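Presented below is the structure to which this report refers.
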Amino acid sequence: YGGTAALLNSVAWVESSAWDGRYALVVCGDIAVYAPGPARPTGGGGAVAMLVGPDAPLVMAGPRATHAFEVYDFYKPRGDTEYATVDGKLSQDAYLASVDTCWSRLKAKLGAPAAAEQLGLNGSPADLRAFDYVCMHSPYNKLVQKGFARLLYGDFADDATAPRFAGDAQRWAGVPPANTVGDREAEKCFVGLAKPDFEAKCAPSDTASRQVGNCYTAALYMNLLSLVSAKASSLIGARLLLFSYGSGAVATAFTLIGREPSGGSALALPPASPFTLERIATTAQLAERLTARTCSDLPTLTRALELREERYGQAGYEPSGDVGALALGTYYLAAVDELHRRTYSRK
């Protein structure tokens with residue numbers, strides 16, 4: 001959730017009387033590694049950088065809703081390992097319950113005329129149908145599918161008599177969302193019911209996360225980059241629903257709207273073009289960069305993680321890993337001295 005906290009703080013700064021005209025730079029990234037077991041295949045790593053300033057092609061608009069509560073679903077109580085202590089079932093339930101709460105609170109706020117006007121709802125229902133695309137925090141894609149289905153269940157809880165919910169869904173009519181978290185039959189029903197909307201609204205954002213794996217605080221914004229890379233200028237005028245989650249736990253739902261910049265920002269000075277959605281997609285070259293990666297097998301990954309385990313917390317050494325596969329311009333750890341001071345080099 002740290003990336004979202006940084007983004008919200010940066011937006012608040014740019015909107016404030018303290019803003020001095022500079023851009024804010026938000027960089028969110030992490031490495032998700034796990035001890036041997038079922039969680040290890042979901043691991044990954046990545047980073048996303050975002051510029052925050054005026055005349056942006058993505059605008060944070062309307063209200064946002066946050067939910068925070070104490071839960072030991074994923075935490076790091078030990079100083080001798082970087083591996084987290086994970087309660088998988090509890091973590092999944094905490095994620096889904098956070099979707100429920102944030103979605104319910106956001107819809108309640110969108111019921112206010114001023115908020116609805118900001119998003120251009122023009123009398124349309126403040127439900128999932130109001131959003132063109134959805135980006136969600138993605139520990140693994142199956143959980144994203146379940147989380148998306150919770151959005152639909154929230155709409156069902158508000159109006160179970162709607163024709164789109166006819167059929168098997170009526171078994172849960174009148175059942176509050178909180179009572180169905182962990183209900184596998186309800187999950188199966190609503191994941192199936194949500195599938196067409198998921199493919200249209202959410203799947204376009206999962207290109208990177210399906211290939212990279214979890215990268216914690218960068219995950220949501222890697223999905224946003226995937227969406228921009230896939231849709232580019234077609235996002236102009238589109239409403240994007242974003243859901244951010246961090247274990248422990250805190251979550252926020254908020255909205256972005258795509259727009260065509262006027263070209264009045266510093267990023268549009270000659271010879272550059274306006275900082276458009278198309279320009280982001282072209283500059284990021286997401287598909288090309290994913291294709292250009294070096295493929296490694298499972299034993300190579302295991303050896304790399306074993307080396308990390310051996311070196312964790314140590315001082316006075318130089319890493320022995322191979323940097324040959326690193327892309328040009330990559331920064332990498334060159335040494336850690338006896339006082340744990342780290343030195344980096346660039347390829």
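The values are calculated or read from the model by the stated rules, or taken from the named source; none is laboratory data. Remember, it's a predicted structure, so these values are computed and weren't measured experimentally. FYI the Cβ positions are ideal-geometry reconstructions off the backbone, even for glycines, and counts take in every protein chain you see. Accessible surface areas use protein heavy atoms only, side chains included; no ligands, DNA or RNA. Shrake-Rupley method; radii C 1.70, N 1.55, O 1.52, S 1.80 Å.
Annotations
- Extension gain, Arg78 back to Thr294 (0.36 nm per residue minus Cα-Cα distance, nm): 74.5 nm
- Gaussian network model of the chain, Cα within-10 Å springs - most flexible of Leu51, Leu333, Leu256: Leu333
- Apportionment of accessible area to carbon and sulfur, segment 1-143, percent (1.4 Å): 55 percent
- Theoretical FRET efficiency, 1/(1+(r/R0)^6), r = Cβ-Cβ of Glu318 and Val27, R0 22 Å, to 0.05: 0.25
- Reach of Lys89 by Cα under 16 Å, taken over lysines that are not fewer than 8 positions away in the same chain: Lys142, Lys146
- When each of the peptides 118-126, 59-67, 217-225, 142-150 is scored by the mean number of other C-beta atoms lying within 10 Å of its residues, the order from highest to lowest reads 217-225, 142-150, 59-67, 118-126.
- Within the chain, helix-based [θ] at 222 nm, where runs of 4 or more DSSP H residues each add -39,500 (n - 2.57), nearest 500: -11000 deg cm²/dmol
- Of the solvent-accessible surface of segment 279-347, computed with a 1.4 Å probe over protein heavy atoms with every protein chain present, carbon and sulfur atoms account for 53 percent.
- Remark: the Lys188-Leu326 segment gains 45.5 nm on full extension, using 0.36 nm per residue and subtracting the alpha carbon distance.
- Based on protein heavy atoms only, segment 213-307 ends up with 46 Å² per residue of surface accessible to a 1.4 Å probe.
- More than 18 angstrom apart: percent of Cα pairs within segment 134-197: 28 percent
- Surface accessible to a 1.4 Å probe, Tyr216 within the full protein complex, Å²: 40 Å²
- Surface accessible to a 1.4 Å probe, per residue, for the residues of segment 51-202, Å²: 49 Å²
- Surface listing: Arg259, Arg346 arranged by accessible area from highest to lowest gives Arg346, Arg259, probe 1.4 Å.
- Kyte-Doolittle mean at least -1.0 and Cα axial length at least 30 Å: DSSP H helices in the chain: 88-110
- Taking the C-alpha atoms of segment 42-182, convex hull volume expressed per residue in Å³: 162 Å³
- Reported to the nearest whole Å, the Cα centre-to-centre distance from segment 249-289 to segment 90-162 is 25.
- Between Thr343 and Ser273, the modelled labels are 4.4 nm apart [label points 7 Å from Cα along Cα→Cβ].
- Between Glu82, Glu278, Glu288, the GNM of the chain built on Cα springs shorter than 10 angstrom shows Glu288 fluctuating the most.
- Choice from Cys215, Cys202, Cys295 showing the highest fluctuation, given a GNM over the chain with Cα pairs closer than 10 Å: Cys295
- Estimated D of segment 220-330 in µm² per second, where Rh is the Kirkwood radius over Cα pairs and Stokes-Einstein applies at 37 °C, 0.692 mPa s: 180 µm²/s
- Solution diffusion estimate, µm²/s, Stokes-Einstein, the chain, Kirkwood Rh from C-alpha pairs, 20 °C, viscosity 1.002 mPa s: 98 µm²/s
- When each of Lys195/Lys231; Lys109/Lys231; Lys188/Lys231; Lys107/Lys201 is checked by Cα-Cα distance, pairs over 25 Å: Lys109/Lys231; Lys188/Lys231
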